[in-house]
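Step one of this worksheet: look at the structure below.
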Amino acid sequence: MIWIYRNTTEGFEDLALAEMISAGLTQASNRFFYGESFDLEKSAYARFSIREVSRGSSPEEVITNFSENIPSPYRLEKIHKNKRCGSTSYAFLAEKIHGGEIRASHPKSIILVFSPDNVLWIAGFVREKTDSIVEKFGQITERTCVSLKPHAALALINISGSSPVIDPCCGTGLLPLAAKLLDRESYASDNNVNMLRMAKTNRDVLGVDLDIHNKDAFTPWLHDCCLVSDFPADRSWCTSAQDLSLAIFTKWIPFIKTFCVIFPDQIVEKLPSTIVINKKIKFTAGRTIVVGEVIRS
Ligand SMILES: C[S@@+](CC[C@H](N)C(=O)[O-])C[C@H]1O[C@@H](n2cnc3c(N)ncnc32)[C@H](O)[C@@H]1O
(Lines give C-alpha, C1' and ligand atoms only; values in the text may rest on other atoms or scores of the structure.)
Protein backbone atom coordinates (compact mmCIF):
# COMPACT_ATOMS: atom_id res chain seq x y z
CA MET A 1 0.00 0.00 0.00
CA ILE A 2 1.33 3.44 -0.89
CA TRP A 3 0.27 6.65 0.80
CA ILE A 4 0.51 9.99 -0.92
CA TYR A 5 0.58 13.37 0.75
CA ARG A 6 -0.82 15.85 -1.75
CA ASN A 7 0.42 19.40 -1.87
CA THR A 8 -1.65 21.81 -3.92
CA THR A 9 -1.14 25.19 -5.44
CA GLU A 10 -3.75 27.66 -4.32
CA GLY A 11 -6.61 27.89 -6.79
CA PHE A 12 -5.94 24.43 -8.24
CA GLU A 13 -7.42 22.31 -5.43
CA ASP A 14 -10.15 20.76 -7.56
CA LEU A 15 -7.73 19.92 -10.37
CA ALA A 16 -5.26 18.34 -7.93
CA LEU A 17 -8.01 16.26 -6.37
CA ALA A 18 -9.24 15.11 -9.80
CA GLU A 19 -5.70 14.10 -10.77
CA MET A 20 -5.29 11.92 -7.67
CA ILE A 21 -8.66 10.23 -8.20
CA SER A 22 -7.98 9.59 -11.89
CA ALA A 23 -4.64 8.02 -10.91
CA GLY A 24 -6.71 5.38 -9.12
CA LEU A 25 -6.02 6.62 -5.59
CA THR A 26 -8.58 6.70 -2.80
CA GLN A 27 -8.89 9.84 -0.72
CA ALA A 28 -8.40 9.18 3.01
CA SER A 29 -8.50 12.76 4.25
CA ASN A 30 -8.12 16.25 2.91
CA ARG A 31 -4.51 15.73 1.87
CA PHE A 32 -3.89 11.99 2.10
CA PHE A 33 -4.53 9.45 -0.62
CA TYR A 34 -3.72 5.77 -0.84
CA GLY A 35 -3.63 3.05 -3.44
CA GLU A 36 -1.86 -0.09 -4.52
CA SER A 37 0.58 1.72 -6.80
CA PHE A 38 1.21 5.25 -7.95
CA ASP A 39 3.84 6.80 -10.17
CA LEU A 40 4.74 9.80 -8.07
CA GLU A 41 7.14 11.08 -10.70
CA LYS A 42 4.26 11.56 -13.14
CA SER A 43 1.91 13.43 -10.86
CA ALA A 44 1.79 17.20 -11.02
CA TYR A 45 0.74 17.51 -7.40
CA ALA A 46 1.85 14.64 -5.20
CA ARG A 47 5.07 15.63 -3.52
CA PHE A 48 5.60 13.03 -0.83
CA SER A 49 4.86 9.35 -0.85
CA ILE A 50 4.89 7.31 2.32
CA ARG A 51 5.84 3.69 2.24
CA GLU A 52 3.66 2.27 4.95
CA VAL A 53 5.54 0.18 7.51
CA SER A 54 3.19 -0.17 10.47
CA ARG A 55 -0.32 0.68 11.57
CA GLY A 56 -2.24 0.55 14.80
CA SER A 57 -4.68 2.35 17.02
CA SER A 58 -2.23 4.77 18.65
CA PRO A 59 1.06 6.52 17.75
CA GLU A 60 2.79 4.49 20.49
CA GLU A 61 1.58 1.26 18.88
CA VAL A 62 2.75 2.18 15.36
CA ILE A 63 6.17 3.29 16.64
CA THR A 64 6.56 0.10 18.69
CA ASN A 65 5.53 -2.02 15.69
CA PHE A 66 7.86 -0.21 13.28
CA SER A 67 9.69 -3.31 12.14
CA GLU A 68 12.28 -2.05 9.66
CA ASN A 69 15.81 -0.90 10.38
CA ILE A 70 15.81 2.84 10.80
CA PRO A 71 18.87 4.48 9.21
CA SER A 72 20.38 6.91 11.74
CA PRO A 73 20.19 9.81 12.10
CA TYR A 74 16.53 10.11 11.28
CA ARG A 75 13.81 12.63 11.79
CA LEU A 76 10.43 11.79 13.17
CA GLU A 77 7.53 13.93 12.14
CA LYS A 78 3.86 13.79 12.64
CA ILE A 79 1.09 14.94 10.38
CA HIS A 80 -1.36 17.07 12.25
CA LYS A 81 -4.32 18.53 10.35
CA ASN A 82 -2.66 19.24 6.97
CA LYS A 83 0.76 20.16 8.35
CA ARG A 84 3.96 18.21 8.76
CA CYS A 85 5.62 19.08 12.05
CA GLY A 86 8.16 17.66 14.45
CA SER A 87 6.86 16.00 17.56
CA THR A 88 9.24 15.79 20.51
CA SER A 89 7.15 13.31 22.45
CA TYR A 90 6.96 10.87 19.51
CA ALA A 91 10.69 11.34 18.88
CA PHE A 92 11.52 10.51 22.53
CA LEU A 93 9.29 7.50 22.32
CA ALA A 94 10.95 6.32 19.10
CA GLU A 95 14.42 6.85 20.57
CA LYS A 96 13.46 4.90 23.69
CA ILE A 97 12.03 2.01 21.67
CA HIS A 98 14.39 1.86 18.69
CA GLY A 99 17.50 3.77 19.72
CA GLY A 100 19.41 5.63 17.01
CA GLU A 101 19.91 9.33 16.68
CA ILE A 102 16.92 11.53 15.99
CA ARG A 103 17.99 14.68 14.22
CA ALA A 104 16.02 17.75 13.25
CA SER A 105 18.10 18.36 10.12
CA HIS A 106 19.95 16.31 7.48
CA PRO A 107 18.34 13.03 8.42
CA LYS A 108 19.00 9.90 6.37
CA SER A 109 15.31 9.21 6.49
CA ILE A 110 12.09 10.75 7.65
CA ILE A 111 9.53 8.69 9.46
CA LEU A 112 6.05 10.03 9.39
CA VAL A 113 3.36 9.18 11.88
CA PHE A 114 -0.15 10.17 11.01
CA SER A 115 -3.78 9.40 11.48
CA PRO A 116 -5.73 9.85 8.24
CA ASP A 117 -9.08 9.32 9.94
CA ASN A 118 -8.17 10.20 13.55
CA VAL A 119 -8.60 6.54 14.51
CA LEU A 120 -6.16 4.49 12.47
CA TRP A 121 -2.49 5.42 12.98
CA ILE A 122 0.10 4.77 10.31
CA ALA A 123 3.88 5.12 10.22
CA GLY A 124 6.17 4.88 7.24
CA PHE A 125 9.21 6.20 5.44
CA VAL A 126 8.69 9.38 3.48
CA ARG A 127 10.10 9.78 0.01
CA GLU A 128 10.21 13.25 -1.46
CA LYS A 129 9.84 13.72 -5.20
CA THR A 130 13.00 15.07 -6.83
CA ASP A 131 13.89 15.85 -10.47
CA SER A 132 10.27 15.37 -11.35
CA ILE A 133 8.66 15.93 -14.72
CA VAL A 134 6.91 18.96 -13.26
CA GLU A 135 10.26 20.50 -12.26
CA LYS A 136 11.73 19.80 -15.70
CA PHE A 137 8.65 21.29 -17.30
CA GLY A 138 9.10 24.45 -15.19
CA GLN A 139 12.29 25.19 -17.18
CA ILE A 140 10.45 26.32 -20.29
CA THR A 141 11.22 29.88 -21.29
CA GLU A 142 8.34 31.00 -23.54
CA ARG A 143 5.12 31.92 -21.80
CA THR A 144 2.29 34.41 -22.27
CA CYS A 145 -0.32 35.75 -19.87
CA VAL A 146 -2.74 33.04 -21.06
CA SER A 147 -0.28 30.16 -20.86
CA LEU A 148 -1.27 27.32 -18.57
CA LYS A 149 0.78 26.63 -15.47
CA PRO A 150 3.00 23.57 -16.08
CA HIS A 151 1.43 21.59 -13.22
CA ALA A 152 -2.06 22.33 -14.58
CA ALA A 153 -1.05 21.11 -18.06
CA LEU A 154 0.38 17.88 -16.61
CA ALA A 155 -2.71 17.27 -14.47
CA LEU A 156 -5.00 17.84 -17.47
CA ILE A 157 -3.12 15.23 -19.49
CA ASN A 158 -3.21 12.78 -16.57
CA ILE A 159 -6.96 13.28 -16.25
CA SER A 160 -7.64 13.02 -19.98
CA GLY A 161 -6.73 9.33 -20.05
CA SER A 162 -6.79 8.28 -23.71
CA SER A 163 -4.37 8.80 -26.62
CA PRO A 164 -3.45 10.21 -29.05
CA VAL A 165 -3.82 13.68 -27.59
CA ILE A 166 -4.46 16.66 -29.87
CA ASP A 167 -4.40 20.37 -29.03
CA PRO A 168 -5.38 22.42 -32.12
CA CYS A 169 -4.98 25.71 -30.17
CA CYS A 170 -1.69 24.83 -28.53
CA GLY A 171 -0.35 28.37 -27.90
CA THR A 172 3.03 28.00 -26.21
CA GLY A 173 2.61 24.23 -26.40
CA LEU A 174 2.12 23.34 -22.75
CA LEU A 175 -0.52 20.64 -23.26
CA PRO A 176 1.05 18.63 -26.10
CA LEU A 177 4.48 19.00 -24.48
CA ALA A 178 3.07 17.74 -21.16
CA ALA A 179 1.54 14.81 -23.06
CA LYS A 180 4.91 13.98 -24.60
CA LEU A 181 6.66 14.17 -21.21
CA LEU A 182 4.07 11.71 -19.92
CA ASP A 183 4.86 9.33 -22.83
CA ARG A 184 1.60 9.94 -24.68
CA GLU A 185 1.33 10.22 -28.46
CA SER A 186 0.49 13.85 -29.13
CA TYR A 187 -0.25 16.36 -31.90
CA ALA A 188 -0.18 20.15 -31.85
CA SER A 189 -1.19 23.13 -33.96
CA ASP A 190 -2.05 26.82 -33.72
CA ASN A 191 -2.66 29.51 -36.31
CA ASN A 192 -0.55 32.25 -34.75
CA VAL A 193 3.07 32.40 -35.91
CA ASN A 194 4.30 33.97 -32.66
CA MET A 195 2.70 31.19 -30.63
CA LEU A 196 4.16 28.58 -32.98
CA ARG A 197 7.63 30.05 -32.55
CA MET A 198 7.28 30.03 -28.75
CA ALA A 199 5.95 26.47 -28.70
CA LYS A 200 8.89 25.30 -30.81
CA THR A 201 11.38 27.05 -28.50
CA ASN A 202 9.76 25.33 -25.49
CA ARG A 203 9.88 22.01 -27.31
CA ASP A 204 13.60 22.45 -28.00
CA VAL A 205 14.35 23.44 -24.38
CA LEU A 206 12.68 20.22 -23.25
CA GLY A 207 14.34 18.15 -25.98
CA VAL A 208 10.99 16.65 -26.97
CA ASP A 209 10.18 15.19 -30.40
CA LEU A 210 6.95 16.94 -31.46
CA ASP A 211 5.78 18.39 -34.80
CA ILE A 212 3.92 21.67 -34.26
CA HIS A 213 1.76 22.67 -37.24
CA ASN A 214 0.38 25.95 -38.53
CA LYS A 215 -3.32 25.10 -38.92
CA ASP A 216 -6.74 26.65 -38.35
CA ALA A 217 -8.55 24.92 -35.48
CA PHE A 218 -11.85 25.27 -37.36
CA THR A 219 -10.65 22.61 -39.80
CA PRO A 220 -10.12 19.38 -37.82
CA TRP A 221 -7.20 17.33 -39.09
CA LEU A 222 -6.95 14.18 -36.94
CA HIS A 223 -9.42 11.34 -36.28
CA ASP A 224 -10.06 9.11 -33.23
CA CYS A 225 -8.14 11.26 -30.83
CA CYS A 226 -8.53 12.83 -27.40
CA LEU A 227 -9.04 16.59 -27.68
CA VAL A 228 -7.20 18.35 -24.86
CA SER A 229 -7.30 22.09 -25.27
CA ASP A 230 -7.47 25.46 -23.61
CA PHE A 231 -9.53 27.23 -26.27
CA PRO A 232 -9.03 30.88 -27.24
CA ALA A 233 -11.22 33.35 -25.38
CA ASP A 234 -13.82 35.29 -27.30
CA ARG A 235 -12.26 38.73 -27.66
CA SER A 236 -15.38 40.45 -28.98
CA TRP A 237 -16.41 41.82 -25.60
CA CYS A 238 -19.29 43.83 -27.06
CA THR A 239 -21.14 40.81 -28.47
CA SER A 240 -22.07 37.39 -27.16
CA ALA A 241 -23.18 36.21 -30.60
CA GLN A 242 -20.53 33.47 -30.79
CA ASP A 243 -18.27 31.70 -28.38
CA LEU A 244 -15.02 30.57 -29.96
CA SER A 245 -14.54 27.63 -27.59
CA LEU A 246 -17.95 26.15 -28.32
CA ALA A 247 -17.57 26.82 -32.07
CA ILE A 248 -14.17 25.05 -32.27
CA PHE A 249 -15.30 22.19 -30.00
CA THR A 250 -18.42 21.58 -32.12
CA LYS A 251 -16.27 21.28 -35.25
CA TRP A 252 -14.11 18.63 -33.57
CA ILE A 253 -16.93 16.46 -32.14
CA PRO A 254 -17.28 14.22 -35.26
CA PHE A 255 -13.51 13.61 -35.19
CA ILE A 256 -12.77 12.80 -31.58
CA LYS A 257 -13.39 9.91 -29.18
CA THR A 258 -12.76 11.67 -25.88
CA PHE A 259 -12.01 15.15 -24.60
CA CYS A 260 -10.64 17.11 -21.66
CA VAL A 261 -11.13 20.78 -22.46
CA ILE A 262 -11.43 24.12 -20.72
CA PHE A 263 -14.61 26.15 -21.25
CA PRO A 264 -15.83 29.43 -19.81
CA ASP A 265 -18.35 28.51 -17.05
CA GLN A 266 -21.31 29.92 -18.97
CA ILE A 267 -20.69 27.55 -21.91
CA VAL A 268 -20.82 24.34 -19.88
CA GLU A 269 -24.63 24.25 -19.78
CA LYS A 270 -24.82 24.82 -23.55
CA LEU A 271 -22.80 21.80 -24.69
CA PRO A 272 -24.42 19.54 -27.33
CA SER A 273 -26.26 16.34 -26.37
CA THR A 274 -24.03 14.14 -28.55
CA ILE A 275 -21.40 14.07 -25.81
CA VAL A 276 -21.27 12.38 -22.41
CA ILE A 277 -19.73 14.44 -19.63
CA ASN A 278 -17.88 12.33 -17.08
CA LYS A 279 -16.32 15.08 -14.97
CA LYS A 280 -16.58 18.81 -14.45
CA ILE A 281 -13.66 20.34 -12.60
CA LYS A 282 -13.64 23.93 -11.37
CA PHE A 283 -10.69 25.78 -12.87
CA THR A 284 -9.25 29.30 -12.65
CA ALA A 285 -10.71 32.55 -14.02
CA GLY A 286 -14.36 31.47 -14.21
CA ARG A 287 -13.61 28.38 -16.28
CA THR A 288 -14.44 24.70 -15.98
CA ILE A 289 -12.53 21.66 -17.21
CA VAL A 290 -14.97 19.28 -18.87
CA VAL A 291 -13.95 15.64 -19.38
CA GLY A 292 -15.98 13.19 -21.41
CA GLU A 293 -16.57 11.17 -24.54
CA VAL A 294 -18.48 11.42 -27.80
CA ILE A 295 -21.51 9.21 -28.46
CA ARG A 296 -21.35 7.50 -31.86
CA SER A 297 -24.69 6.37 -33.34
C1 LIG B 1 -5.74 30.25 -24.47
S2 LIG B 1 -4.55 30.16 -25.72
C3 LIG B 1 -3.81 28.60 -25.46
C4 LIG B 1 -2.74 28.69 -24.44
C5 LIG B 1 -1.93 27.44 -24.35
N6 LIG B 1 -2.66 26.34 -23.76
C7 LIG B 1 -0.64 27.71 -23.56
O8 LIG B 1 -0.46 27.12 -22.49
O9 LIG B 1 0.16 28.53 -24.00
C10 LIG B 1 -5.50 29.91 -27.17
C11 LIG B 1 -4.69 29.73 -28.43
O12 LIG B 1 -5.61 29.53 -29.50
C13 LIG B 1 -5.00 30.05 -30.67
N14 LIG B 1 -6.06 30.25 -31.69
C15 LIG B 1 -7.03 31.21 -31.74
N16 LIG B 1 -7.80 31.02 -32.82
C17 LIG B 1 -7.30 29.94 -33.48
C18 LIG B 1 -7.65 29.24 -34.67
N19 LIG B 1 -8.70 29.63 -35.42
N20 LIG B 1 -6.92 28.18 -35.03
C21 LIG B 1 -5.86 27.76 -34.30
N22 LIG B 1 -5.48 28.37 -33.16
C23 LIG B 1 -6.19 29.45 -32.75
C24 LIG B 1 -4.31 31.31 -30.20
O25 LIG B 1 -3.27 31.67 -31.10
C26 LIG B 1 -3.82 30.90 -28.83
O27 LIG B 1 -2.49 30.45 -28.93
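The values are calculated or read from the model by the stated rules, or taken from the named source; none is laboratory data. Predicted model only: the values in this text are computed from it and were never measured. Note: ideal-geometry Cβ built from the backbone for every residue, glycine included; neighbour counts use all protein chains shown. Ligands, DNA and RNA are stripped out before the accessible areas are found, and what is left, the full protein with its side chains, is counted by its heavy atoms. Shrake-Rupley method; radii C 1.70, N 1.55, O 1.52, S 1.80 Å.
Counting only heavy atoms of protein chains, what accessible area per residue, in Å², does region 4-92 have with a probe of 1.4 Å?
On the way: 4350 Å² over 89 residues.
For region 4-92, the solvent-accessible area averages 49 Å² per residue.
Quick one: if you stick a label point 7 Å off each Cα along the C-beta vector at V119 and S87, how many nm between them?
1.8
Mind running the shape call on the chain? Use the C-alpha gyration tensor, a ≥ b ≥ c as the square roots of the eigenvalues: rounded below 1.5 for a/c, prolate if a/b tops b/c, oblate otherwise.
Note, shape of the chain comes out prolate.
With the Cα gyration tensor of region 2-128 giving a ≥ b ≥ c as the square roots of its eigenvalues, does the rule (a/c under 1.5 for rounded; else a/b larger than b/c for prolate; else oblate) give rounded, prolate or oblate?
Working: a/c = 2.01, a/b = 1.80, b/c = 1.12.
Because a/c hits 1.5 or more and a/b exceeds b/c, region 2-128 counts as prolate.
Between R55 and F255, how many nm apart are label points set 7 Å from Cα along the C-beta direction?
4.8
Could you work out the per residue convex hull volume over the alpha carbons of region 180-297, in cubic angstrom? Walk me through the intermediate numbers first.
Values: hull volume 15.5 nm³, N = 118.
Taking the convex hull of the Cα positions in region 180-297, it is 132 Å³ per residue.
Please give the peptides 181-190, 209-218 ranked by average Cβ packing (other Cβ atoms within 10 Å per residue), highest first, as a rough proxy for protection. The partial results should precede the final answer.
Values: 181-190: 20.3, 209-218: 14.8.
The packing order, highest mean first, is 181-190, 209-218.
Could you give the dipole magnitude of region 122-270 about its Cα centre, charging the beta-carbon of Lys and Arg +1 and that of Asp and Glu -1, in debye to the nearest 20? Before the final figure, lay out the partial values.
Numbers: 15 positive and 18 negative charges, 21 e Å.
In total the dipole reaches around 100 debye.
Using only the Cα atoms of region 173-226, build the gyration tensor, take square roots of its eigenvalues as a ≥ b ≥ c, and label the shape rounded, prolate or oblate: rounded if a/c is under 1.5, else prolate if a/b is larger than b/c, else oblate.
Details: a/c = 2.61, a/b = 1.13, b/c = 2.32.
Oblate shape, in that a/c is at least 1.5 and b/c is the bigger or equal ratio.
For region 134-294, give the percent of accessible area contributed by carbon and sulfur heavy atoms, probe 1.4 Å, rounded to a whole number. Don't skip to the end; give the middle numbers.
Values: 3680 of 7250 Å².
The nonpolar share, carbon plus sulfur, comes to 51 percent.
Please give the net charge around Y90, taking every other residue with its beta carbon less than 13 angstrom from that of Y90, where Lys and Arg add +1 and Asp and Glu add -1.
Values: positive: R75, K78, R84, K96; negative: E60, E61, E77, E95.
Taking every other residue near Y90 into account, the sum is 0.
How much of the accessible area of region 2-128, probe 1.4 Å, is carbon plus sulfur, in whole percent?
Working: 3050 of 6380 Å².
Here it works out to 48 percent.
State the antiparallel share, in %, of DSSP beta bridges confined to region 134-294, rounding to the nearest 5. Please report the intermediate quantities before stating the final value.
Details: 14 of 28 bridges.
The antiparallel fraction comes to roughly 50 percent.
Return one whole number: the accessible area per residue of region 134-294 in Å², for a 1.4 Å probe. Present the calculation step by step, with values, prior to reporting the outcome.
Numbers: 7250 Å² over 161 residues.
I get 45 Å² per residue for this part.
Counting only C-alpha contacts under 8 Å and six or more residues apart, can you give the relative contact order of region 2-128 as a whole percent? Show your work: numbers first, answer last.
Values: 243 pairs, mean separation 35.2, N = 127.
Reported relative contact order: 28 percent.
What is the local net charge at D216, summed over the other residues whose Cβ is closer than 12 Å to its Cβ (Lys, Arg +1; Asp, Glu -1)? The partial results should precede the final answer.
Values: positive: K215, K251; negative: D190.
Net local charge, D216 excluded: +1.
Can you order the peptides 51-64, 155-168, 262-275 by their average number of other Cβ atoms within 10 Å per residue, highest first? Working shown, then result.
Numbers: 51-64: 16.6, 155-168: 23.9, 262-275: 14.4.
Listed from highest to lowest mean packing, they are 155-168, 51-64, 262-275.
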